[in-house]
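Each remark here refers to the structure printed beneath this line.
The values are calculated or read from the model by the stated rules, or taken from the named source; none is laboratory data. Since the structure is predicted, the reported quantities are computational estimates derived from the model, not experimental observations. Note: ideal-geometry Cβ built from the backbone for every residue, glycine included; neighbour counts use all protein chains shown. For accessibility, only protein heavy atoms count, side chains too; no ligands or nucleic acids. Shrake-Rupley method; radii C 1.70, N 1.55, O 1.52, S 1.80 Å.
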Amino acid sequence: MSEDDERQQSPPSDLEFVSNKARNCNATGSGSGHPEFQSTYPDQVLENVLENVLHFLTSRRDRNAASLVCKSWYRVEALTRSELFIGNCYAVSPGRATARFTRVKALHLKGKPRFADFNLMPPDWGAHFNPWALAMAKAYPWLEKVHLKRMSVTDDDLATLAELFLGFKELVLVCCDGFGTSGLAIFVSKCRQLKVLDLIESEVSDDETDWISCFPEGESNLESLIFDCVECHINFEALDRLVARSPSLKKLKLNRYVSIGQLYCLMVRAPQLTHLGTGSFSPSDIAGQGDQEPDYVAAFAACRSLVCLSGFREIIPDYLPAIYPVCANLTSLNFSYANITADQLKPIISKCHKLQTFWVLDSICDEGLQAVAATCKDLRELRVFPVDPREDNDGPVSEVGLQAISEGCRKLQSILYFCQRMTNAAVIAMSKNCPDLVVFRLCIMGRHRPDPVTGEPMDDGFGAIVMNCKKLTRLAVSGLLTDKAFDYIGRHGKLVRTLSVAFAGDSDMALKYVLEGCPQLQKLEIRDSPFGDAALRSGLHHYYNMRFLWMSSCRLTRHGCQEIARAMPRLVVEVIRSADEEEMDDVVGTLYMYRSLEGPRTDAPKFVTIL
C-alpha cells in the first residue's frame, strides 16, 4: 500500500477482529482455579475466514456466484468487494448499491445501450451520472476510480468528483457526453493525486477554456492521459510542461490539433511511453518553410518500450517510415483513422511480427489484408472499418481478404469486418481455421445481400461459425439471412451472450429459435427485421436473465409490449420515439427492455413511454 493510500480515509470495517486471547477465553474463574474457555460463534468464525479468502477472488462472475451460496456468503462478499460493476445504471438505484456494498473504491458504470452510438436513440434519453456522483460522495469518500460508458456527465459532476473525493486517482469516460473543457479544468486542478484521465470517443464541448494548463504545478502522478477525442485546440506549451513533470507517464494519446513536430518534442520528453496516440501525424500549418525537420526516426527509436501505437488523425503518408524502428515491438496498432493504401501499409506490417491487435480502414483493400495474414501470425483481434459506409458503394475488401486472414492468423479470437460482399465459403473457412473465435461481427453493409457466387443466403456461413467456434460469446449477423440461420444459432450458440441483428430473418420463428435456444443470452440488439409480438412473447421465460433487449423498426405493437410489461413486473418496458415524433396509437418504433430492481425510472423524457 502506498503512503498516499495510508493517508486517505479507509473504508469502515464491518467485521471486527479481536485477538485470539480475547476471543477464545474468558477468565471468569472456576473452582479449579483455571480460566474458563468459551467457544466462539461458528458463524462469526466462518465470516472471518470468508473475508480473508474472498479478498483473493477478483472475477465479477465468481464473486456473484459466491454471493448466492447463502446469507452469510452474501453479506461477506459485499463487505469485501472493492470494485463495483453495474452494466445498466437503471438496473439498480445508487442508494441500493451503496447500502449493500460499503467498501467500494472503484466504480464501473454503463448507461445507454450500444445502438445509441449509431444515432438510433434520441439525445437526452437519460443515463445521468449525477445521482450516482451524489450518492457515492456520501457513501464512499475514499473512492479512487470511476469508469463510465455512455453516460451523461456534467461539469458539475466532474467538480463533485474532484472536490469530494480527496484521494481520487482515475477517471475513464468512454462514449460519454454533457461536459466540456471548463469542467475538465475544474477537475484536473483539484485532483492532486490523479493518475489516469482517459477520454475515449466522448463528446467534449469547447468552452474555450485552457484545461491542460490547470493541472497542479510540481511533479505529477499521471500514468495515462488520453484526449484524442477532444475536438479543440490545446495549449501545447502547458502540455509539454505537464509531460516533462510526469515521470510515471506511460500512456499518452493526443488529439488531431497536435502536429508531428509537437509530437516529436513530447516523445523526447517521455521516451518511457508504452502507449502513444500520435495526434495528426502531419506538420503544423504554421510551420516555417525553411525550418529543418526534426529526426522523427530517432525519436521513435528512443521509445524502446512502445508497444501500442494509434492516432494518425490527419496523416501524411510520407512520414510513415518514422515508425519503422518501433514496429518489431508493437503488439497493438490502430490505423482506423489513417486512409492509407496497401502499398503504404506493407513496409510497416512486414515488421510487425508480434502484433496481436490491429484496427485499420478498408482502404488497404484485400491486398493489404493478405500482407497482414502473411506476417502477423500471433494476431488475436482484427477490426476493418469502412472509409465510405454507404450501402451502394463498391467496397474494397471482400471474401478474399477474410479468407486470407483466416488462413494466416489462426490464433484470431475477435474480428469486426465491414464489407460490401461476402461468401459462405469464406465464412466457413474462417470457422474452421480460427476455432478459438470469441467475437465474430460481420457487417455486410448492403441490405439483404446473398452470397455473390452462389446467390444463396448467408445461412450456412453463420451456421458454421456457431457450430465450429465453441467459445463464441458475441455474434453480429448481416446479409441475406433466412430463419435457418437463426435455427443454427439457437441450436449451437449455447455460449452466445451478445447478439446483434440487422435486416435479417423471415418470420417470428427466427427470434423464437434464438430466445429458446441460447441460455446465456444477455444482450440482444435487433433493427429493421420482421419480428412482431409473437416473437417477443417467445422470450418470456428468459427476459429476467437478460441485461436488455433492443428492437427498432420491427413489427411490434403497443398491445404486444404491454402484454410483456404485465407478465413481467420487474422488467422495465420503454417505448421510444424520436423527440419530434407524435405518439402513435399502436405502432412501436423502438422498444428497450431491461431488468431492474427499482422499477420504472423517474427521469424519463417525454418521448419515452414506460408501459
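The residues of the chain expose, per residue, 45 Å² of accessible area to a 1.4 Å probe. Within the shell of other residues whose beta carbon sits under 13 angstrom from the beta carbon of residue 198, the net charge comes to +3, with Lys and Arg scored +1 and Asp and Glu -1.
Solvent-free Debye calculation, one equal scatterer per alpha-carbon of segment 456-610: log10 I(q)/I(0) at 0.09, 0.20 Å⁻¹ equals -0.28, -1.24.
Students often get this wrong, so try it: which of (i) 134, 61, 49; (ii) 96, 68, 51; (iii) 74, 62, 47 is Cα extents along the principal axes in Å as calculated from the structure shown? Of the listed options (i) 134, 61, 49; (ii) 96, 68, 51; (iii) 74, 62, 47, (ii) comes from this structure. Here segment 456-610 is treated with +1 on each Lys and Arg Cβ and -1 on each Asp and Glu Cβ, and its dipole about the Cα centre works out to around 920 debye.
Bridge orientation summary for segment 456-610: considering DSSP beta bridges with both residues in this region, about 50 percent are antiparallel.
Computed about its Cα centre, the charge dipole of segment 416-543 is approximately 500 debye, with only Lys, Arg, Asp and Glu carrying charge at their Cβ.
Take every DSSP beta bridge whose two residues both sit in the chain; close to 20 percent of them are antiparallel.
When only alpha carbons are used to place a centre, segment 298-372 and segment 432-508 end up 31 Å from one another.
Only Cα pairs under 8 Å and 6+ residues apart enter the sum, and on that basis the relative contact order of the chain stands at 6 percent. The fraction of accessible area contributed by carbon and sulfur in the chain is 50 percent, rounded to a whole number (1.4 Å probe; ligands and nucleic acids excluded). If ligands, DNA and RNA are left out, what is the accessible area of residue 458 with a 1.4 Å probe, given in Å² to the nearest 10? We get 0 Å² for residue 458.
Checking the cross-link pairs 195/251; 110/512; 105/195 against a 21 Å limit on the alpha carbon distance flags 110/512 as lying beyond it.
Note down the net charge around residue 328, summing +1 for each Lys or Arg and -1 for each Asp or Glu among other residues with Cβ under 9 Å from its Cβ. Once positives and negatives cancel, what remains is +2.
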